[in-house]
Protein chains: 2
Amino acid sequence: MKIQVRAAIQEKLTVRDCHIFGVENFTLLGYHLFTVDVVEGTRCYTCNKRITMKSKGEQALEILREKSIDCWVILIREGKEKAVELLLEKGFVGESAFIFTRDRKIAVVASYDKERVEDMEVLTYTKGIREVLPSVLKEISPRKIYMNFSEHDHTIDSLTHGLFIKFQTILEEIAFAGEVLSSEVFLEELRSVKIPEEIRRIREAVRVTEEIFEELPNFVHEGVTEIEILEKMTDLTYKSGCELAWEDPAVTFGLQTELGHRISSKRKLKKNESIHIDFGVKYEGYCSDLQRVFYYGKNPPQEMVRAFETIKKAQEASMQVIEPGKKGYEIDGTARKIITENGYPEYNHGLGHQIGREVHDGGCILGPLWERYEKNSRKPVKEGNVFTVEPSIHGKVNLGLEDDIVVKKRGEYLSHPQREIIEI
Amino acid sequence: MKIQVRAAIQEKLTVRDCHIFGVENFTLLGYHLFTVDVVEGTRCYTCNKRITMKSKGEQALEILREKSIDCWVILIREGKEKAVELLLEKGFVGESAFIFTRDRKIAVVASYDKERVEDMEVLTYTKGIREVLPSVLKEISPRKIYMNFSEHDHTIDSLTHGLFIKFQTILEEIAFAGEVLSSEVFLEELRSVKIPEEIRRIREAVRVTEEIFEELPNFVHEGVTEIEILEKMTDLTYKSGCELAWEDPAVTFGLQTELGHRISSKRKLKKNESIHIDFGVKYEGYCSDLQRVFYYGKNPPQEMVRAFETIKKAQEASMQVIEPGKKGYEIDGTARKIITENGYPEYNHGLGHQIGREVHDGGCILGPLWERYEKNSRKPVKEGNVFTVEPSIHGKVNLGLEDDIVVKKRGEYLSHPQREIIEI
């Protein structure tokens with residue numbers, strides 16, 4: 001496996017900062033600070049150890065140890081389970097259990113699924129999972145078992161109710177006397193603190209999205225419909241080997257048209273009309289989510305320019321205050337204030353959400369202290385979080401900009417923020 | 001919407017058999033028996049009514065009435081839910097409830113998801129689903145509520161445990177005194193009895209798969225690896241606007257290599273070697289699943305020809321006995337007997353599974369009375385079921401053929417069964 005990572009140190013590889021990697025194209029800027037193209041398996045110049053990237057599985061063990069979690073059980077059977085995708089990036093045909101303790105990663109799978117598991121202890125069954133699972137649980141003998149359910153976070157809530165019922169009967173069989181709890185206490189962190197490989201994929205998804213935006217002048221013309229533009233962008237997405245990051249991205253003509261989770265229409269583009277696009281792709285399982293603003297004609301009207309400049313200012317101001325430890329609502333507040341100070345109404349959504357395997361990933365949100373965000377907008381931003389930053393203006397004029405950023409010592413753009421209305 | 005359906009009557013349109021459609025290219029073979037290309041919305045020659053295809057939603061209401069089901073509640077929030085995909089073919093961002101009674105189809109969705117619902121009563125909420133859902137349930141006042149959970153059928157078990165817990169609190173709020181039961185009693189039928197539009201999509205998935213198999217001579221050459229062939233087939237799949245029907249379809253070189261849920265390897269193809277491929281695509285959400293047998297060279301060895309002919313005979317014999325009402329194990333038994341009578345060991349799987357939105361769809365299976373199949377192989381085959389028929393030989397020689405069929409008055413091939421080993 002070859003993985004190219006830029007700015008190795010900033011993205012936290014599991015190597016000591018003093019290693020110097022046996023690769024070309026690196027610039028030594030100091031003892032701890034250097035920029036380098038790192039390839040998995042490369043030897044360090046000084047200690048001769050091979051560099052290995054931290055996997056999500058290793059990150060999981062670290063977090064379980066940190067939070068003193070005894071035992072996390074993930075159940076899956078033919079289909080998808082969000083934590084299995086995150087950790088193993090594979091589906092399984094037979095009923096399977098993946099068990100993480102503070103120092104073990106155990107897979108209980110059907111014999112024909114054996115080859116799908118890498119880098120875990122593998123136990124197989126032939127006729128049914130009850131041949132193996134009860135005895136493994138007995139051996140581990142946890143006091144508490146954590147499972148993937150949540151009443152309010154869809155990125156955690158991936159255990160099906162039928163499998164939960166079946167698991168209860170297995171716990172009865174082994175006379176388990178402890179508690180079954182929600183994995184939310186650690187899974188949220190595991191999902192939202194990205195390892196370098198995850199950031200690489202999001203970066204690539206962003207790159208593809210930006211390339212697709214650049215193609216726009218080739219298929220935007222008078223009379224084209226919103227849907228036609230979207231279809232063309234969807235084609236380009238698949239041609240790039242990506243998928244759409246979500247169903248129904250939105251192409252919106254005209255400043256008077258509402259934005260939001262909108263279905264594109266058959267409205268035809270006229271000369272001197274604005275185009276707003278909210279679009280993202282999924283690259284190797286990871287999403288981008290960008291908004292861009294175009295004008296079909298020359299010299300956009302003053303009301304559009306003023307709105308655009310205000311949004312841009314709000315985005316830039318919020319970027320100035322993003323840093324680990326800062327609460328979501330504080331960052332949102334900075335952008336929100338600039339919008340209202342300029343005489344526009346408050347935007348009716350949060351400034352930004354996390355992205356990852358889901359386009360709306362869970363955990364800390366850059367949102368106001370409103371009922372629907374409160375719990376998550378009080379949470380602190382963490383190093384490794386990837387957010388959208390998307391201030392907007394709604395009302396007589398509707399416009400928004402959206403970029404994707406990663407939190408390191410401060411916020412860093414993964415996309416190239418739009419600084420001028422693009423005329424087509 | 002234009003839908004082309006062949007053999008209209010056999011595929012059960014919701015029109016009377018005596019209608020004669022105002023379309024070209026039809027052959028009137030008798031009063032009730034004719035073959036015709038039917039297009040949605042076409043007027044009947046005799047009664048002037050427009051033809052409409054039955055939707056999955058209408059089929060659901062029919063089945064609920066037939067089985068005297070009061071109330072089916074499907075819960076979903078950002079992501080996928082199998083029954084929502086089946087019925088609405090869409091995802092939803094906000095928490096949503098879809099309620100089917102014997103005569104109503106009600107959608108409770110976030111205001112921004114409103115446009116996604118068609119052909120249902122739509123109720124929207126702004127801050128949370130509790131604004132609306134409790135009062136709707138109170139109004140319907142069902143004695144029993146059916147929900148999508150199952151301990152043993154993955155195609156039914158799509159309700160997450162977190163949403164189940166939340167729903168319990170809503171039921172407490174309205175003092176619901178009835179039972180919450182598994183939707184298995186009707187959802188299995190709804191999934192597995194296909195309407196014409198579903199059969200059309202499976203047929204198209206099969207067509208694309210067969211076209212991809214025909215391309216094989218263009219990229220099979222000495223030294224090519226199993227993985228390389230698979231990658232090329234995957235490329236062709238995406239170019240056709242389809243997706244893979246499942247992760248890791250299998251390309252297997254050599255008669256001695258085990259088949260099954262196998263990961264393709266870096267093994268290089270030699271002259272005079274067999275190639276076995278198990279592959280399928282997904283077209284507009286519906287799967288194909290085919291196995292084809294190739295020989296890289298001229299004049300395949302006798303052991304390969306004998307195995308191929310035996311498998312073919314087993315497949316043909318089982319096709320002779322497929323008809324509505326016949327039990328799954330009876331059909332499996334016919335094929336199994338031919339394999340063993342020819343001196344080969346019994347194959348270690350079922351003769352066939354259903355396909356649809358999932359490549360392994362639930363319900364009746366053409367399998368033996370073994371523990372893992374028993375419940376489903378005792379079930380009767382129904383008109384409208386779509387099955388794979390895949391006898392195989394395992395042991396010293398490993399080979400299999402797989403075709404997709406639809407059950408009408410008897411079994412009819414959707415694919416073109418392979419009748420000779422294809423030499424490349």
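Taken residue by residue and averaged, Cβ atoms of other chains lying within 10 Å of the Cβ of A:145-151 number 4.
Which percent, to the nearest 5, of DSSP beta bridges fully inside the protein assembly as shown are antiparallel?
80
Summing charges over all other residues whose Cβ lies under 13 Å from the Cβ of A:GLY254, with Lys and Arg as +1 and Asp and Glu as -1, gives +2.
In peptide B:153-159, how many Cβ atoms from other protein chains are near each Cβ within 10 Å, on average?
Working: counts 3, 9, 2, 2, 10, 4, 4.
Whole-number average of other-chain Cβ neighbours for B:153-159 is 5.
By the rule of a C-alpha distance below 18 Å, with chain neighbours fewer than 8 residues away ignored, the aspartates and glutamates paired with A:LYS396 are A:GLU258, A:GLU273, A:GLU303, A:GLU309, A:GLU341, A:GLU346. The rotation axis taking chain B to chain A passes closest to the C-beta of one chain B residue; that residue and the distance in whole Å read B:HIS161, 2. Compute the distance from the alpha-carbon center of the range B:302-360 to that of the range A:169-231, in whole Å. Distance between centres, Cα-based: 42 Å.
How would you rank A:TRP370, A:TRP72, going from fewest to most other Cβ atoms within 10 Å of each one's own Cβ?
On the way: A:TRP370 14, A:TRP72 26.
Least crowded to most crowded, the residues run A:TRP370, A:TRP72.
Sorted shortest first, the separations between the A:ARG306 label point and its copies elsewhere in the assembly read 9.0 nm; each point sits 7 Å from Cα along the Cα-to-Cβ line. Here is how far apart the A:GLU131 label points are across copies: 5.3 nm, shortest first, using a point 7 Å from Cα toward Cβ.
Counting charges near A:VAL305 (Lys, Arg +1; Asp, Glu -1) among other residues having Cβ under 12 Å from its Cβ returns a value of -2. This model, with +1 at the C-beta of Lys and Arg and -1 at the C-beta of Asp and Glu, gives the protein assembly as shown a dipole about its Cα centre of some 240 debye. If we count every other residue with Cβ under 9 angstrom of A:ARG65's Cβ, Lys/Arg +1 and Asp/Glu -1, where does the sum land? Net of charged neighbours comes to -1.
Convex hull volume of the C-alpha atoms in the range B:56-190, normalised per residue: 98 Å³.
Would you mind giving the mean number of other chain beta-carbons within 10 Å of the Cβ of each residue in A:161-173, as a whole number?
Working: counts 18, 15, 7, 9, 7, 4, 2, 1, 1, 0, 0, 0, 0.
If you average over the peptide's residues, the count of other-chain Cβ atoms is 5.
Can you tell me the order of B:310-316, B:126-132, A:371-377 when each peptide is scored by its average per-residue count of other Cβ atoms within 10 angstrom, highest first? All intermediate terms of the calculation are to be shown ahead of the outcome.
Values: B:310-316: 21.4, B:126-132: 14.3, A:371-377: 16.1.
The densest-packed peptide leads the list: B:310-316, A:371-377, B:126-132.
With each label modelled as a point 7 angstrom along the Cα→C-beta vector, the A:GLU323-B:GLN320 pair spans 8.2 nm. Checking the cross-link filter: which aspartates and glutamates have an alpha carbon closer than 17 Å to that of A:LYS144, excluding same-chain neighbours under 8 positions apart? Of all the aspartates and glutamates, those that pass the test against A:LYS144 - Cα under 17 Å, at least 8 places apart if same chain - are A:GLU66, A:ASP70, A:ASP103, A:GLU172, A:GLU173, A:GLU179, A:GLU184. Between A:GLN168 and A:TRP370, the C-beta separation translates, for a Förster distance of 51 Å, into a calculated FRET efficiency of about 0.90.
Positive end of the dipole of the range B:56-190 (Cβ unit charges, origin at the Cα centre): among B:ALA107, B:VAL185, B:ILE170, the Cα lying farthest that way belongs to B:ILE170.
Placing unit charges on C-beta atoms (Lys and Arg positive, Asp and Glu negative, everything else neutral), compute the dipole magnitude of chain B about its Cα centre in debye, rounded to 20. Don't skip to the answer; put the middle values down first.
Values: 61 positive and 71 negative charges, 144 e Å.
Charge dipole, chain B, about its Cα centre: 700 debye, nearest 20.
Counting only DSSP beta bridges with both residues in chain B, the antiparallel share comes to about 80 percent.
Computed on the range A:266-383, the Cα convex hull volume stands at 142 Å³ per residue.
Simple spin-label estimate for A:LEU181 and B:ILE424 gives 5.5 nm between the two label positions (7 Å along the Cα-to-Cβ direction from each Cα).
Angle between the Cα long axis of helix B:226-239 and the longest principal axis of chain B, 0 to 90 degrees, nearest 10? Tilt of helix B:226-239: around 40 degrees.
List the pairs from A:LYS382/B:LYS166; A:LYS80/B:LYS379; A:LYS239/A:LYS282; A:LYS312/A:LYS379 whose alpha-carbon separation is above 23 Å, in the order I gave them. From the list (A:LYS382/B:LYS166; A:LYS80/B:LYS379; A:LYS239/A:LYS282; A:LYS312/A:LYS379), the Cα-Cα distance tops 23 Å for A:LYS382/B:LYS166; A:LYS80/B:LYS379; A:LYS312/A:LYS379. Two numbers describe the Cα atoms of the range A:133-221: Rg and Dmax, which are 21.2, 69 Å.
Among DSSP bridges having both ends in the range A:193-423, what percentage is antiparallel? Round to the nearest 5. Please report the intermediate quantities before stating the final value.
Working: 30 of 32 bridges.
Of those bridges, close to 95 percent are antiparallel.
Values of log10 I(q)/I(0) for the protein assembly as shown across q = 0.06, 0.09 Å⁻¹ run -0.44, -1.04, by the Debye formula with one identical scatterer at each alpha carbon and no solvent. Between the beta carbons of A:GLU222 and B:ILE140, assuming R0 = 60 Å, the FRET efficiency works out to 0.75 to the nearest 0.05.
Counting from the shortest, the label point at B:GLU247, 7 Å from Cα toward Cβ, is 2.2 nm from the same position in each remaining copy.
Gain on full extension, evaluated as 0.36 nm per residue between A:ARG102 and A:GLU215 minus their Cα-Cα distance, stands at 35.8 nm. The charge dipole of the range B:165-268, taken about the Cα centre with unit charges on the Cβ atoms of Lys, Arg (+1) and Asp, Glu (-1), comes to about 300 debye, rounded to the nearest 20.
Between helix A:196-214 and chain A, what is the angle of the helix's C-alpha long axis to the longest principal axis, kept within 0 to 90° and rounded to the nearest 10? Tilt relative to chain A: about 30 degrees.
Compared with the dominant principal axis of the Cα atoms in chain A, helix A:328-341 is inclined by about 10°.
Values quoted throughout were computed directly from the atomic coordinates according to the rules given, and no laboratory measurement underlies them. All figures in this text were calculated on a predicted structure; none of them were measured in a lab. Counting neighbours? That spans all protein chains shown, and the Cβs are built from the backbone with ideal geometry, glycine included.
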